[in-house]
Amino acid sequence: DTMTPSVTTAVRPPLYSTYGWTERLGILDLLTPFFLSSPDSSDFVRFEGLGATEAEALLEIMPADALLDQQNNGPHLCELLRLAVERPGVTLSGYRIAPPRWDERISVDGVSIPQAPDLPQAIPSDPLVLYKWPKLRAQLALNSAMGEPDELLALPLEGGGYGWWIWWD
């Protein structure tokens, strides 16, 4: 008499809400114009250029715990969305993880910020650029960031001059 062990597959509960929340709450519709590829092609789709209008809508409709999402050492999603709402010209980039993955979410991993008088000056090829992070972090109210960004660069602006590109890998 040999017994065959029972094999059970553990199913992880969804990370932030019930499966399909990014579709059900209208988030997919908000993000679709900013996707870099078709949302039907993969469970991972990048977006870029998300601005104030969409950020404000996301702040209103996303589950509270999903707004605390962090890309590695970056700030909470809610802080980045508020930054886009409150500071003219800020755009966000990131990705959507689609259902049925257990970790369905919206994450922001990059932010483009136009130069402003209250920010340290963005200078191309500045060897001391990471020393500007503490002031940028404070001025932009990115208080939940747990570490330095993976990239902090002077970003050429369309009308001339430079702004900031901040990215967390």
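The values are calculated or read from the model by the stated rules, or taken from the named source; none is laboratory data. Model, not experiment: these values are computed from the prediction. Virtual Cβ from ideal backbone geometry, glycine too; neighbours counted across all protein chains shown. Accessible surface is based on the protein model in full, side chains and every heavy atom, while ligands, DNA and RNA are left aside. Shrake-Rupley method; radii C 1.70, N 1.55, O 1.52, S 1.80 Å.
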Q.
Restricting to region 52-107, and then to whatever is polar (S, T, N, Q) and either surrounded by 15 or more Cβ atoms within 10 Å (Cβ to Cβ) or over 19 Å from D169 (Cα atoms) (or both), can you tell me which residue is nearest to the chain's Cα centre (by Cα)?
A. S107
Q: Tell me, please, whether a residue that is at pLDDT 95 or above and open to solvent by less than 30 Å² (accessible area, probe 1.4 Å) can be found in region 119-129.
A: no
